[in-house]
Each structure stands twice: as C-alpha cells, then as structure tokens.
1. Can you tell me which residues in the stretch 347-406 are assigned to a strand (DSSP E or B) and aromatic (Phe, Trp, Tyr)?
2. Those residues that are within 17 Å of Leu125 (Cβ to Cβ) and touching a Phe, Trp or Tyr at 6+ places or on another chain (Cβ under 8 Å), I need them from the stretch 196-216; list them, please.
3. State yes or no: is Gln198 in the same structural domain as Phe88 (by TED's automatic domain parsing) and part of a helix (DSSP H, G or I)?
4. Among what's in the stretch 48-90 and is among the aromatic types (Phe, Trp, Tyr) and in contact (Cβ under 8 Å) with a residue 60 or more places away in the chain, pick the residue that is surrounded by the most Cβ atoms within 10 Å (Cβ to Cβ).
5. Any chance the stretch 119-132 includes a residue that's in contact with a helix residue (DSSP H, G or I) (Cβ under 6 Å, 6 or more places away or on another chain), modelled with pLDDT of 90 or more and among the polar types (S, T, N, Q)?
6. Considering only residues that are among the small types (Gly, Ala, Ser) and under 18 Å from Glu320 (Cβ atoms), which ones fall in the stretch 370-396?
7. Going through the stretch 201-222 one residue at a time, which ones are in contact (Cβ under 8 Å) with a residue 40 or more places away in the chain and in a helix (DSSP H, G or I)?
8. Determine if the stretch 363-377 includes at least one residue that is over 25 Å from the mean Cα position of the chain (by Cα) and in contact (Cβ under 8 Å) with a residue 60 or more places away in the chain.
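The values are calculated or read from the model by the stated rules, or taken from the named source; none is laboratory data. Fair warning: this is a prediction, and the values are worked out from it, not measured in the lab. Cβ placement follows ideal geometry from the backbone for every residue including glycine, while neighbour counts extend to all protein chains displayed.
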Amino acid sequence: MKYCFLLIVALMLEGQMMAQDSSAIIRQADLVNIERMGESANRFVSDIEKAEKRYLKKIQRIENKLLKKLSKIDSSKAQIMRSNSSQFFGTVMSRISKPSNSNYFGRLDTLITGLDFFGKGSNDLTHLQNGAKTLSNSRANLIEFRNKLKEGRELSTLLNERKAFLREKLNDVDFAKYLKSYSKELYYLNASVNEVKQVFQEPRKAEEKILKVLSQTPQFKEFMREHSELASLFRIPDDPSDPSGLSLLAGLQTRSQVSAMIQQQIGTMDLQAIRQNLNGAQGQLEQLKSKLAKNPDGLEDLPDFKPNNQKTKSFWRRVEVGSNVQSNRGNSFFPVTSDVGFSAGYKLSDKSVVGLGSSFKLGWGEGIRNIRLSSQGLALRSFLDIKLKGSFWATGGFELNYWDRINTLSIFSNLSPWQKSGLVGVSKIVSLNSKFFKKTKVQVLWDFIGKANSPNYQPLVFRYSYNFR
C-alpha cells in the first residue's frame, strides 16, 4: 500500500512537471513571436524613413527648379524665397519630431498595450531568458512605428501648407507645371506611408498569435480599457457618481436637452422639406465617401493626375507568381504534349505587367490506347500584358521552344535548335472563389512567326494561367 501511494505521488509530480514544461514552451513561443513583431515594426520604420527622405529630396529639387526660373524674372524675390526654402527644408523634420495624437491606430494600440500587459507579469514572460529585454525592445519598436505613422501625416500637412504658400507668393507667375510636379511627389509620399500602414494591417503569423493570446485572456480587456491610448483619449468613468468623472463631462449637453433644442428649432418646419434636404445631403456624403476611399488621408491631396498605385509598393509586392498550362495536338513526329509552365510578372502599373517564364513539355503518348509519359523538351518565355477594358487584357510575347530530350546544359549555349514563336492575343480574367489561385486567365494567342517551325506549328494557342499572388 505504501509503494502504491508513493507511485501515485510520483506520477502526479511528473504530470505537473510536464504541464510546467508545456506552459514554458508556450510562453517561449509567445516571446519568439513578440521578438519577430518588433523586428517587423523596425523594418516598417526604416521603410517610412526611406520614403520621407526620397520624396523630400524630390520636392526640394522641384522647388529649386522653380526658384531658378523665378530668378530670371525677379531676382530679389527669388533670393528671399530661396532663403525661406532653405530654412523650411532644414527644419521640416525637426518640426514633426513630436507628432500630435490626432491619428489613432487601433491594431498598434492593442499590440503595444498587450506588451505592457505581458510586462506586468502575464504568462511570466519577463521571467524567461531575455524576456524583459525582448518585451522592452519590441514595445519601443512598435511605439516608434506608431510615431512614424503620425509623423508622416504631420509631414504631409506641412508640405501642403508649403505648397499653398508657394501658390500664394507666385500667383502672378505661371508655375503650374512645377506646382503640379510638387503635388505629384507629395501624393506619392502619402501613398508610401499608407502602403506601409496597409502592409502592417495584413495578417501575419506573429501578430495574429499575440492577438489570439490576448483575446483569450479575460484580464486583458480590463487592462486595455484602463491603460490603452484609446482610454487616454476617451476616458469615461465607470461610476456615474464619481466626482472626477463628472468633471470630465462638465459642459456636455444631455440627450433630453439636445432633443428639446431640435424640437424647438425644427418644430415648425415642413417635414417633407426636411426629408428632401436629408436625401440631398446623403447624396453628397456618398460622393465624399467615394473620394475618401481613393484617398484615405483626406480630400486636400486628391491627385490631379492618374497615379500609378504600384509605384509605392516594394519589389516583391509588385511581383505576380503563377503557373500556366497549354496542350499541343500530336502528329506523326510528335505525341500529344502539354506545356506546364511557371512565370513571374512584374507590375509596371495597374494596367501593365511584364515578365519571364519557362515550361516543361510533357508528352502523353500517341493516343488514348497508348498513354506514355515522356519528356519532350523545354520552353523559355517572355510576355507583356496590357489592360484593355474590364477583365480583358492584350497579351504579347516571344518564346523559344526546344523539342527534344534535355541531356546536357550545352543546349542553352547554342540557340539554333530552338524554335521561335511570337504570340499576340487576348486574355480574360475569370473570377474563381479560391484562396490558392488569386487570379485565373484564359488566353487565346496567335503565333505569327511560328509557321517556319514545321512540323509542330500550331497557329492558335489556348492557354490557362493561374496566379498564386
């Protein structure tokens, strides 16, 4: 009996130790995700700083050209303006070093408050090796990223004021070309900051893991309500009789007071006229909503040109990776083959994509009774897609096809055995509800130079393309 009791105690202790080890592993995984989140925030800060430096240099260069032209018309005025320009660009970054709290970023606020929550003992993350340091560094990176986003907005405001100043001082001279270029670079500066913000909003494994842990912790909701940035902006007391809370609400009208004032003001008005005015106001609001959808930062920077939305994206976010399939009929020399290809396209703009690709030629045999898989060659491709209208695109490209088994790499040094094809045609994007295939294209192409490639010439090519991203 004594030995049974000792055995039960040992098993209980072992189970407790295993649970502790499991809990430690979970806490360690949370810490790794926090570190990755901080590294991502640091990269975002770097991206914003690079964009600010690049476009500030471009804007300053435009203003220098403007002042150079002004000096030929009014040298004294140009000298005064040049001194003002040097002072402005010399101090513009220091003027936004303390951004206001006018912009609120909910996702960032939740993550920063979550790190504060972890730092106060939740999950014992601070007790792990380098736990406190990781939390501190990641929190600092997130706060710096939040400040950079706010700085970007402040910088946009200052540059808009600068543009209005130039327009006012130079209203007697035709500098529309320079001011338009100024507006263009300012638009792309704002778009670059918005692009970084959009990338941050996209789900990533580290952030999603942290948010999931926080959402499953009941104590965090109370902590968020008391310590978040949102709580500091809108601090409403729980107890209505709390004197400190009542002081915050001093001067605010009650619902009954507002209702009485509305009844007093519109009590004698025609209700039909009110409805008509409300309908008109709703139409104007819809127009403003459509404009704000195109420019989330406000209406003051709506572009007077057609912007290239791809210009502010990183290289990898402009790359489309996909696959394509086409089949060729068989003849006396070649079996039925299918080209299974992969491609990478680079978005020059929203309406044009250029890229390269290759395909493997897979032979199926000579008929349904004689199916035999075999290697039938390789193809190298280039392509250019230009959007026509709606879901239709014009497609063109040049291809090299090698119709034989690949036994040596020397085939790439001598292109004479390769058969040339020049393809032009039309592509249509087909919508598919698929998470894997982001965009599907059906292509009809005409080979206008492949007739000399007998015996395998196929004038019309039907190709199906699938983009993964």
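1. Just the residues of the stretch 347-406 that are assigned to a strand (DSSP E or B), to begin with: 347-349, 352-367, 370-389, 392-402.
Hits for the stretch 347-406 are Phe360, Trp364, Phe383, Phe392, Trp393, Phe398, Tyr402.
2. Scanning the stretch 196-216 gives a single hit, Leu214.
3. Judged against the criteria, Gln198 is a match.
4. Our first condition is that a residue be among the aromatic types (Phe, Trp, Tyr); within the stretch 48-90, this holds for 55, 88-89.
Retained after the next criterion (residues that are in contact (Cβ under 8 Å) with a residue 60 or more places away in the chain): 55, 88.
Values: Tyr55: 23, Phe88: 17.
Ranking the candidates gives Tyr55 first.
5. The answer is no, given that none of the residues of the stretch 119-132 is in contact with a helix residue (DSSP H, G or I) (Cβ under 6 Å, 6 or more places away or on another chain), modelled with pLDDT of 90 or more and among the polar types (S, T, N, Q).
6. Ser382, Ser391, Ala394, Gly396
7. If the condition is that a residue be in contact (Cβ under 8 Å) with a residue 40 or more places away in the chain and in a helix (DSSP H, G or I), then Gln201, Lys205, Ala206, Glu207, Lys209, Ile210, Leu211, Val213, Leu214, Gln219, Phe220 are the ones that fit.
8. So far as the stretch 363-377 goes, no, none of its residues is over 25 Å from the mean Cα position of the chain (by Cα) and in contact (Cβ under 8 Å) with a residue 60 or more places away in the chain.
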